[in-house]
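Below is one structure, written out as structure tokens, with a few remarks after it.
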Amino acid sequence: MAGPTNAERGREVRARLLAAARELIGELGWNAVSTRILAERADVRPGLVHYHFESLQALLRQATLEAMRPALEDTAALLTASTDPADAIEALFAEVDRYTGTDPSSLLFIEAYLAATRDPLLHDQMHGLVADFRAAVTASLARSGHPAPEAAAILIAAVIDGILLHKGLDPALSATRLVPLLRRLTEHQNGAPQ
């Protein structure tokens, strides 16, 4: 029986490096992840980091974006699938309550936001993901006849990010406590927000 091909081994090493990067960014902070630490966590030789990726920063960017993209797309899908944006917002904030603010995904996202303030390429890539998310929220609100869907979408996205930041300081904070207020932002009566 033949063993894995070079391409298969290469894909497996890349996957291990990306997974290790996602873990380490949240555990240590973006700037504390080194090639040596990353290689140790992935159980590969340090030279393989630069063999498979242009740079350590390129690897960290890719690991982050690969984690953020499905999270944002799944969240946007909640809104797209719903006929009532207010119900979708409620489901969305119930989903946000799964995060503690100190869980690996929250820490990864928080570190990435900070790193994006110093890394123009990461900034642009994350901006694209967030813009796509806000566009999905805007479209959902517009379908329901919301008078200011884009502004409401910006506010909803900012509230989600803010909750994750605050939950790191106050894990008992519940996003669902905000649902009645956010429902008022998304519901309408006679074509105007309530």
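The values are calculated or read from the model by the stated rules, or taken from the named source; none is laboratory data. If you're wondering where the values come from, they're calculated on a predicted model, not measured in any experiment. Cβ sites come from the backbone with ideal geometry, for glycine too, and all protein chains shown count toward neighbours.
General remarks:
- Scanning region 29-65 for residues that are over 18 Å from A116 (Cα atoms), of a type in the set (D, E, K, R) and part of a helix (DSSP H, G or I), we see that the one that is nearest to the chain's Cα centre (by Cα) is R41.
- The set of residues in region 102-115 that are surrounded by fewer than 20 Cβ atoms within 10 Å (Cβ to Cβ) and of a type outside the set (S, T, N, Q) comprises D103, P104, Y113, L114.
- The single residue among T64, T35 that is at pLDDT 95 or above, buried (at least 20 other Cβ atoms within 10 Å of the Cβ) and not aliphatic (A, V, I, L, M) turns out to be T64.
- Matching residues in region 38-57 - criterion: being of a type in the set (G, A, S) and either touching a residue at least 12 places away in the same chain (Cβ under 8 Å) or surrounded by 15 or more Cβ atoms within 10 Å (Cβ to Cβ) (or both): A39, A42
- Close pairs (8 angstrom Cβ cut-off, 6 or more residues apart or separate chains): modelled with pLDDT under 95 in region 1-23, among the charged types (D, E, K, R) anywhere: P4/E12
- Residue count for region 116-133 under the criterion of being in contact (Cβ under 8 Å) with a residue 60 or more places away in the chain, more than 15 Å from A157 (Cβ to Cβ) and surrounded by fewer than 17 Cβ atoms within 10 Å (Cβ to Cβ): the result is 1.
- If you go through region 24-37 and keep only what is among the β-branched types (V, I, T) and without any contact (Cβ under 8 Å) to a residue 24 or more places away in the chain, you end up with T35, I37.
- A136 hydrophobic (A, V, I, L, M, F, W, C) and loosely packed, with under 15 Cβ neighbours inside 10 Å: no
- Yes/no for G26 being in contact with a His (Cβ under 8 Å, 6 or more places away or on another chain), at pLDDT below 95, more than 18 Å from A175 (Cα to Cα) and in a helix (DSSP H, G or I): no
- Within region 1-28, the set of residues being within 24 Å of the chain's Cα centre (by Cα), surrounded by 14 or more Cβ atoms within 10 Å (Cβ to Cβ) and of a type outside the set (A, V, I, L, M) comprises R14, R16, R22, E23, G26, E27.
One line per residue, one yes/no per condition, for (1) over 30 Å from L60 (Cα atoms); (2) under 21 Å from the mean Cα position of the chain (by Cα); (3) among the hydrophobic types (A, V, I, L, M, F, W, C):
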position: A88; (1), (2), (3): yes, yes, yes
position: A94; (1), (2), (3): no, yes, yes
position: G101; (1), (2), (3): no, yes, no
position: D119; (1), (2), (3): no, yes, no
position: Q125; (1), (2), (3): no, yes, no
position: V130; (1), (2), (3): no, yes, yes
position: A139; (1), (2), (3): yes, yes, yes
position: L178; (1), (2), (3): yes, yes, yes
